[in-house]
Structures are given as C-alpha cells and as structure tokens.
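Read through the structure below, which is laid out as structure tokens, and then see the notes.
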There are 2 protein chains.
Amino acid sequence: MSSVAIVAPQTHTFSEPLTLQSGAAIAEYTLMYETYGQLNAAKSNAVLICHALNASHHVAGVYADEPDNVGWWDNMIGPGKPLDTNHFFVIGVNNLGSCFGSTGPMHTNPATGKPYGADFPVVTVEDWVNAQARLADVLGITQFAAVMGGSLGGMQALSWSTLFPERLRHCVVIASTAKLSAQNIAFNDVARQAIISDPDFHGGDFYAHSVVPKSGLRVARMVGHITYLSNDDMAEKFGRDLKCDDYQFGFGVDFEIESYLRYQGDKFSAYFDANTYLLITKALDYFDPARRFGGDLTQALANTQAQFLLVSFSTDWRFSPERSREIVRALISNKRRVTYAEIDAPHGHDAFLLEDARYMNLVRTYFERIAKEQA
Amino acid sequence: MSSVAIVAPQTHTFSEPLTLQSGAAIAEYTLMYETYGQLNAAKSNAVLICHALNASHHVAGVYADEPDNVGWWDNMIGPGKPLDTNHFFVIGVNNLGSCFGSTGPMHTNPATGKPYGADFPVVTVEDWVNAQARLADVLGITQFAAVMGGSLGGMQALSWSTLFPERLRHCVVIASTAKLSAQNIAFNDVARQAIISDPDFHGGDFYAHSVVPKSGLRVARMVGHITYLSNDDMAEKFGRDLKCDDYQFGFGVDFEIESYLRYQGDKFSAYFDANTYLLITKALDYFDPARRFGGDLTQALANTQAQFLLVSFSTDWRFSPERSREIVRALISNKRRVTYAEIDAPHGHDAFLLEDARYMNLVRTYFERIAKEQA
C-alpha cells in the first residue's frame, strides 16, 4: 500500500557557540538529520519531528545499504502515510547530547582533546529547540507547517510553540505532558542511580577505560521499559507464563516477562550511551514551562500562536490522558484552536509508536487539513 | 490512650529437617519470634502475624533496652489497640531466609561450615507457612483465632487457610493478592538484577569478601519504594519541589523526591541482606495457589474453613483492590463467610501500615467480633 523511502543522513556543523539554559555553552556542534519529501517553493510544507528518549533523526524510510534499518516512526511518516511525504517535507533531527550522530558526550571536547564524558553540559528541551531552530535557519525554513513529537518529542513541540510562536502553524503533541510528576522523576532517578553506581561508569569517563556501564544501562532500561507498557498489556502478553515447564527455584529466568525485560535491557545496553541516558532523563525532569509563571500553565502558553493537536492513550500511565488534558485546558483558556483525542488503546505509553487505526486516521486527517490550508 | 508493651524476642531451633517446595530441605533452622499478651487456658486466643518483605518478628511494642525500636505494626497491635493484646495472644515470627534472626543466607551452612550465601535454598510462602505451623506446635497452639498479614504477609495468611484449613478460625488478608502480575514480577526482577549485577554481590557469597552489594540494594529499594507509594501521594508529598532554589544542572540531587528515595535506598542497603532480598522477591513471584488448579482460584480455596476479612486500599497500584476482589469472589463462590472493605486512602500500598481511622476501626470491630465468638 505504501512504499518505503530511501533516505540518507546529513550533518550540519554549527561554529557559533550555543548558550544553554544552564548558562554553559557549546562552542561548536554538529546536528545529524534526515529529510523526507520535497520542500515546496514557498518553503511552507516543512514538518519537524522531535524524538523521544532513545530515538534519533532516523524517523522514516531505510538506508540504501541498510534495508532493515527502518525509521522509528515509519508507520506514521512516508509516501501515502498519515504524515504524507508526497505533500510534506519532513525533517528528523538527532538532539544534542544524544548518541546517534549529533554532538554528544562520546565526542571530542575541543577544550581538552578528550571525549566530553561527564563534562558534556546538561541540555534541556529548550536548548534542543534552540538548536533545532538554527538548523531550520540553515534549511531556509522560516515557519514550519507543523512541529510534532511523542513523549519527550511532544515536549519539544510544545516548547517550540512558546519559544518560537511565529515559526510553526501547527503543534502536534502526542502522549506527552507539560511536566514530569514526582513518580516520573523517581523512575528516572532509579535509572540514573543504576548507571552512576555501576563501577564501569567511571564518573562518566568510561570511554577512557574502554568499558561501558552495561549492567547499569541494562537495569535503567528494564525499569524504563516497565513504564512504557500498560499493566493490562503486560498481563495479556506475558501474564505469569513460564519460560520452562516449572519453577526453577533459582535466580535465572522463571517468567517470560523476566526474559523479555532482560533481553530489552541487554539489547539497549549494547548500543545506547550511558551519559546520553543521564542527559536525556534530566531534560525530561527539568521540562516545566509553567515553572517561571509560578506553575500557571495558561500563562506559560499565553504567547503561543499555533493550532494544536493533542493525543493521549487511555492506558498510558507514564503520561496519562489527564496530563494531556491539562495542556488542552490551558490552551483553551488562551482561546487557542485545539483538537484533542484520547485514544482507547491497550498498549500504554508505547501506543504512540504503534499502529492503531483510529490514531493513524486522526493524524492523517489532521495533516490533510494542514495540507488543504496550504493549498 | 494506649500503652506501649515491652517485649523480648525468643528463638526456637528445629532439628528435624524441613522439606521445601523446591524439593530441597533445610537440615536445621532457628525461628525468631515474639509474643504479646497471654495465651488463654483454652489456647484459643492466639493470632499469628505474618510479615511482608522487609519486616520481622518485631511486630509491636519496644525492647526494654531499645525504647525507640517500635514494632512495625505497633499502631495495630498492643494493649487497647485494634488487635488488642489484652484479649489476644499475638505472635510475630521472622521468616526463614530473612535477615532479622531466623536462619538465613548469612548464617552458617552446617554442610560447609561457611555462610549459606547463594546456597541458601529458595523458600516459598508455603514453606514459611509450614515452618510457622511447626512453631505453633511448639507453642501448643492447635488452632489460631486468626492468621493475619498485609501484602506478602497476606499471602501467608491466605496460604494458611488452604494448607491448614482447620488450624485458623479467621484469616485476615490486607492489601494482598492471590498472585503477582507480570508488572509486579517485572519490578521484582529489576530489583534482583540490580543486586546480582553489583560486583560486590560476588554471586551471593559477598560475606566471604567482607563487602555488601550496597549499590544494588539501594537501587532495588528505590524501585520497590516507588511501587509502595501512590502517584497522588507522591505528587502531594513531593511534587516537583526542589532541594535547592534552582535546577543544579548536574546529576546530584535536584528534586526532593530524589533525595527521599536515595535516602530510603541508603538506609535500606545498610541493614538489609541482599540474598534475603532475592529470596523474598522470589517467594512473592512464586506465590500462586491457583496454579495447580489450572488457574482456578475458586478451586484453590475450596478446602478453606476459616472466615475471612479482606481489606484493600483505593490508591494501591501494587496490589490494587481488584486483586482483593478476585479473592473475595473465589471465597464467595465457595460460600465462605467474607468481610471485604475497600478503604479510600491516599497512601498507596503503604496504607496497610499507616494510621487510618476507618481501617483501624474496621480491624478493631472485626477482632471484637472474634473475641465475642470466643467468649
């Protein structure tokens, strides 16, 4: 029904320093990005996709030499797909501090000639948005048709709407929140403590020791993964199914869920950078646009100009529907035009990445509307 | 209003081997226990209290030389308290494999002359109940007025009702479940993996190395602790409160919830045994009395003779009210006499340990009924 696009990553190196929210600056940095579809003559059909914790610029399609390396949102984005790259020019960008090509803690710190490691500055959602805006400048995009993201990506989209209100016509925020709860922060800190207390972490400078804090990353991913799935979905997929016929009366694997989580943890720890994990969970924790307005989200969103699509999923207990409704209420108080859908889906937070007819149709219809507005 | 009892722990050593569910046996073992109140002449007023993960035989009162060491359920048990030791003879017993005085992995394995460590056999809820029944024999208690516990303690009480149906008149099961869910098991396995992958764990034989896998225990406790509190309670107690005036832009403590959890983790890792943690989480995972009845809980509870009190708490997401209702339905199908209360309380799973007027009154009224039946 839909074809798979062939894409190739590109990079741009920025030599002007980027001042960060912390007050620190990055002297020079590279962003890795990919584009899909064609920018129209009016440069009015660009859509920026912001990624979540462990994703990257590789949003859709495959690489010519890696036909199995499918972009993480390929079910959503591509020719004929809900975000149709026959009409839109889509950009995926890897965030600063990540580990998929943009400048991150594993790269050489020009000030020392060694990997940044623990010296890589803490970056925030707002810092990412500022860096993304510079990339938009380079690409000649004054205003996006939409900025879109799920989870942490949704935070970036929301942040775009307040930091650069005139630079996006639509803001698509999926399975996200205007701030983490104490419980969300708690889970992130468990993950961080697992990594930091792994002796192979070496205070963040493990590159010099040619080791990786795999055990810590593995535990971090396991606990994170639990929060991505719904209780019901886990019950249905795994329940109390055993790996063998009977209890093993030891501490190997008894239950399928243990096997699954350990596998996910092992896989993740083999490719993800530990410092990046720390940085990205901190960006999550710190995001709170209402903070400098005394907690008043309505005030925080008062300067937005975009139209909004918000989507939440009924069984998402990481960022529950109530968290999206909070944003919707604040936008409505500001008389913004908002579409909000609460999708009844069993898959918890991960639902935003999964195929679901109602969800896909909703996004398709919304982008068809955007396409019509442009025409 | 109520006085604090002075208690003293006692021990009994059993020299007859105990065969375990796994098929292994413990040749010889000691149980540490405490008693409160007086056993009446008919020996009909005894109540056994079963403890949860990190608790012990020290259920109520204080020690003469440790006036601050108050038993973990002292708000519930004592003279004039809901479970009134002026009427009942209450027994608290530390379970096999625990680390508060009963035989556990830190004790000498008579077969090797070294600490059991990883060689301590995996014990189940049913094994604990069998061991407790032997202690009841020693104390001359043929039938308990009640067996009572919360959480994992409730599993033991439920297990008593099927393993020794004639030995208890009442079974009090609080904030518990007839089996862990996949999500519950997943959290337990995160905790176990954190401990096992700590290099100081040494495959369970850390005693010989004079170290303790503190980092692993700390992370294990942090993740466990999150599941004991409700989302709302955490939001109310901690929210996004900062420890300092502003974000620190580092990986120390930013939020109060981080400080709290790390403190809880540190405290726990200083006193709890890592092998015990593994053993107890396995006992939790394995508990599933319906398993040998093809998952039919009604059949599993068909041989019970006791009357039941079940209590759940509205915001408990570890063992939600639905898990108690499942037990209630199975008991009613068996025409057992059941009292069930769902307490609207904000404190999540921990609510079973906390002061709550409706909860305390309910238990008080129930035990007053038991006392009247005896009279």
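The values are calculated or read from the model by the stated rules, or taken from the named source; none is laboratory data. What you are looking at is a predicted structure, and each value in this text was computed from that prediction instead of being measured. We place every Cβ from the backbone using ideal geometry, glycine too, and count neighbours over all the protein chains shown.
Considering only residues of region A:216-251 that are under 29 Å from the mean Cα position of the chain (by Cα) and among the aromatic types (Phe, Trp, Tyr), which is nearest to B:Val122 (Cα to Cα)?
Across region A:216-251, the extreme among qualifying residues is A:Phe238.
Mind checking which residues of region B:254-283 are within 30 Å of A:Val123 (Cβ to Cβ) and at the interface with another protein chain (Cβ under 9 Å from one of its Cβ atoms)? If you could, list the steps in order and put the result at the bottom.
First, pick out the residues of region B:254-283 that are within 30 Å of A:Val123 (Cβ to Cβ): B:254-266.
Correct list: B:Asp254, B:Phe255, B:Glu256, B:Ile257, B:Glu258, B:Tyr260, B:Leu261, B:Arg262, B:Gly265.
For residues that are farther than 17 Å from A:Gly154 by Cβ and not charged (D, E, K, R), tally how many sit in region A:338-359.
Qualifying residue count for the region: 2.
Just to check your reading of the model, which residue among B:Leu180, B:Leu158 is closer than 30 Å to B:Thr304 by Cα and either part of a loop (DSSP other than H, G, I, E, B) or at pLDDT below 95 (or both)?
Values: B:Leu158 fails: either part of a loop (DSSP other than H, G, I, E, B) or at pLDDT below 95 (or both).
Within the list B:Leu180, B:Leu158, the selection yields B:Leu180.
Of a type in the set (A, V, I, L, M), within 11 Å of chain A (Cβ to nearest Cβ) and touching a strand residue (DSSP E or B) at 6+ places or on another chain (Cβ under 6 Å): which single residue out of B:Ile185, B:Ile226 fits that description?
Exactly one of B:Ile185, B:Ile226 is of a type in the set (A, V, I, L, M), within 11 Å of chain A (Cβ to nearest Cβ) and touching a strand residue (DSSP E or B) at 6+ places or on another chain (Cβ under 6 Å), namely B:Ile185.
Can you tell me how many residues within region B:169-182 are in contact with a strand residue (DSSP E or B) (Cβ under 8 Å, 6 or more places away or on another chain) and within 14 Å of chain A (Cβ to nearest Cβ)?
1
Just one of (1) more than 9 Å from chain B (Cβ to nearest Cβ); (2) surrounded by 21 or more Cβ atoms within 10 Å (Cβ to Cβ); (3) on the phi < 0 side of the Ramachandran plot trips up A:Glu166, so point out which.
(2)
Suppose we filter B:Ala330, B:Ala274, B:Ala283, B:Ala341 for residues that are modelled with pLDDT of 95 or more, in contact with a Pro (Cβ under 9 Å, 6 or more places away or on another chain) and of a type in the set (Gly, Ala, Ser); which single one remains?
Only one candidate qualifies: B:Ala274.
Go through the residues of region B:180-187 one by one and say whether even a single one is of a type outside the set (Ser, Thr, Tyr), crowded, with 22+ Cβ neighbours inside 10 Å and farther than 28 Å from B:Asp316 by Cβ.
no
Exactly one condition in (1) under 20 Å from B:Gly153 (Cβ atoms); (2) in contact with a helix residue (DSSP H, G or I) (Cβ under 8 Å, 6 or more places away or on another chain) is not met by B:Arg364; state its number.
(2)
Please find, among B:Ala64, B:Ala55, B:Ala46, the residue that is hydrophobic (A, V, I, L, M, F, W, C) and more than 21 Å from the chain's Cα centre (by Cα).
Selected residue: B:Ala64, the only one of B:Ala64, B:Ala55, B:Ala46 that is hydrophobic (A, V, I, L, M, F, W, C) and more than 21 Å from the chain's Cα centre (by Cα).
So that you can scan it fast, the table gives a plain yes or no per residue for (1) in the same structural domain as A:Asp84 (by the TED database); (2) closer than 21 Å to A:Asn334 by Cβ:
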site: A:Asn109; (1), (2): yes, no
site: A:Asp127; (1), (2): yes, no
site: A:Gln132; (1), (2): yes, no
site: A:Asp137; (1), (2): yes, no
site: A:Leu152; (1), (2): yes, no
site: A:Gln156; (1), (2): yes, yes
site: A:Gln193; (1), (2): no, no
site: A:Asp198; (1), (2): no, no
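Select from region B:188-209 the residues that are of a type in the set (Ser, Thr, Tyr) and within 13 Å of chain A (Cβ to nearest Cβ) and list them in ascending order.
B:Ser197, the sole residue that qualifies.
So which of B:Lys335, B:Lys372 is over 30 Å from A:Leu242 (Cα atoms), more than 23 Å from the chain's Cα centre (by Cα) and not in a helix (DSSP H, G or I)?
Going through B:Lys335, B:Lys372 in turn, just one is over 30 Å from A:Leu242 (Cα atoms), more than 23 Å from the chain's Cα centre (by Cα) and not in a helix (DSSP H, G or I): B:Lys335.
Which residue, of B:Ala351, B:Ala357, is in contact with a helix residue (DSSP H, G or I) (Cβ under 8 Å, 6 or more places away or on another chain) and either assigned by the TED database to the domain that holds B:Asn54 or within 17 Å of B:Ala52 (Cβ to Cβ) (or both)?
Only one candidate passes the filter, namely B:Ala351.
Among the residues of region A:264-283, write down those that are of a type in the set (A, V, I, L, M) and surrounded by fewer than 22 Cβ atoms within 10 Å (Cβ to Cβ). Explain how you work it out, then say what you get.
Step one: filter region A:264-283 for residues of a type in the set (A, V, I, L, M), giving A:270, A:274, A:278-280, A:283.
Once the filter is applied, which keeps residues that are of a type in the set (A, V, I, L, M) and surrounded by fewer than 22 Cβ atoms within 10 Å (Cβ to Cβ), region A:264-283 yields only A:Ala270.
With the condition kept exactly as written, say whether any residue in region A:127-137 is more than 23 Å from B:Asp200 (Cα to Cα), among the acidic types (Asp, Glu) and within 17 Å of the chain's Cα centre (by Cα).
Within region A:127-137, one or more residues are more than 23 Å from B:Asp200 (Cα to Cα), among the acidic types (Asp, Glu) and within 17 Å of the chain's Cα centre (by Cα).
Which one of these does B:Val212 not meet: (1) surrounded by fewer than 22 Cβ atoms within 10 Å (Cβ to Cβ); (2) touching a residue at least 60 places away in the same chain (Cβ under 8 Å); (3) in a loop (DSSP other than H, G, I, E, B); (4) within 11 Å of chain A (Cβ to nearest Cβ)?
Here B:Val212 meets the rest and fails (4).
Every residue in region B:95-117 that is part of a strand (DSSP E or B) and among the polar types (S, T, N, Q), please.
Within region B:95-117, B:Thr108, B:Asn109 meet the criteria.
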